[in-house]
1. Contact order normalised by length for the stretch 299-366, with contacts defined as Cα pairs under 8 Å and 6 or more residues apart; what percent is it?
2. For the stretch 245-377, take the alpha-carbon Rg, divide it by the Kirkwood Rh, and send me Rg/Rh.
3. Once you keep just the Cα pairs under 8 angstrom separated by 6 or more residues, what percentage relative contact order results for the chain?
4. Which value in nm describes the separation of the simple spin-label points at residue 344 and residue 233, placed 7 Å from the Cα toward the beta carbon?
5. Can you tell me which of 223-234, 266-277 comes out highest on packing, and rank the rest after it, using the mean Cβ neighbours within 10 Å?
6. In the stretch 116-239, how does Rg compare with the Kirkwood Rh, expressed as the Rg/Rh ratio over alpha carbon atoms?
7. Please report the Cα spread of the chain along all three principal axes, rounded to whole Å, starting with the longest.
8. Can you give the Rg to Rh ratio of the stretch 312-372, both from alpha-carbon atoms, with Rh computed by the Kirkwood formula?
Ligand code: GLA
């Protein structure tokens with residue numbers, strides 16, 4: 001078979017402005033896509049085989065027959081389960097994949113809570129759609145990437161990261177009602193809300209603590225199970241259905257009650273922040289809500305770490321309007337909302353506090369909302 005040209009697709013990492021651990025509770029999230037992307041170079045090879053390489057793992061290319069993807073799952077290297085899982089999921093859904101060569105190059109820091117794995121799976125997913133299954137709509141593409149991560153890679157994620165990677169647009173935050181977005185007939189489940197900090201003399205600073213988190217570790221799955229148990233005790237389909245914290249008094253176990261309180265209060269924080277941004281108010285007013293979100297993840301949901309707490313506290317002490325950990329927790333990054341002229345001082349303050357606390361030097365960078373996954377012509 002004559003090979004076509006190698007083409008390139010990209011998909012971004014994300015930071016969530018607010019709405020952590022709400023997605024698998026059918027709740028609300030508000031991410032932006034990062035300008036940092038995973039690149040996927042792909043070409044149909046017609047050989048019935050999938051070849052996957054990664055520039056970050058130059059000595060570990062993987063070759064698997066399309067028909068053997070499911071059976072080989074436990075034998076392939078862990079990193080390759082993300083791209084191979086996407087191919088496997090297309091096959092499982094009845095799409096004919098004639099064989100493909102995939103080369104990956106990731107610029108989203110791994111384990112930083114910035115969703116490098118969804119960037120990877122979504123970059124492969126958009127490539128496969130364009131090459132083999134153009135009828136697949138965005139909603140299904142998100143499900144494919146999500147199933148690949150959950151079922152093939154074994155990372156029990158919600159829908160936040162894949163939705164952000166596919167649906168985000170430059171200059172906007174994505175408001176997503178996760179319950180509504182699982183209904184294929186409901187196209188009002190997401191909304192692009194302008195997020196232009198520059199207009200207000202503000203910047204969003206990311207502080208990567210360098211302490212990597214792993215979703216395939218048990219902490220994330222344990223939190224999910226606790227949320228399910230709390231919802232079951234309250235007799236509701238999901239914690240999304242609980243509107244006030246008073247209703248949580250009926251949960252007997254104090255730990256489950258705190259977990260549920262995080263989800264209920266976080267959902268209401270997302271709605272408040274989304275409403276403020278929609279109305280074009282000064283984003284400085286969301287600062288205290290970011291701080292409250294961090295406290296809730298630290299105290300009620302207990303997924304923060306000493307380094308994340310130090311980063312958030314030092315940023316606020318140095319003048320940030322608000323700061324909070326992002327992503328699943330147990331490591332990763334903090335975001336801080338800062339006046340442009342204070343950005344360097346806030347980053348320095350965090351760096352000094354890290355040095356004094358004996359933590360490794362954090363990586364800091366400013367982000368603006370980037371585009372979702374697409375082919376690069
Ligand atoms: C990880 C998961 C997401 C979401 C966040 C927490 O990033 O992949 O689905 O649950 O944690 O908000």
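Every number here is computed from the coordinates shown, using simple stated rules; none is lab data. Keep in mind that what you see is a predicted model, and the values were worked out from it rather than measured. Note that we place each Cβ from the backbone using ideal geometry, even for glycine, and neighbour counts take in every protein chain shown.
1. Details: 90 pairs, mean separation 20.5, N = 68.
Relative CO of the stretch 299-366 lands at 30 percent.
2. That ratio is 1.02, to two decimals.
3. Here the relative contact order equals 24 percent.
4. 5.2 nm
5. Ranking, from highest mean packing down: 266-277, 223-234.
6. Numbers: Rg = 16.8 Å, Rh = 16.8 Å.
Ratio of gyration radius to Kirkwood radius: 1.00.
7. Per principal axis, max minus min of the Cα coordinates gives 62, 49, 40 Å.
8. With Rh from the inverse mean 1/r over Cα pairs, Rg/Rh is 0.97.
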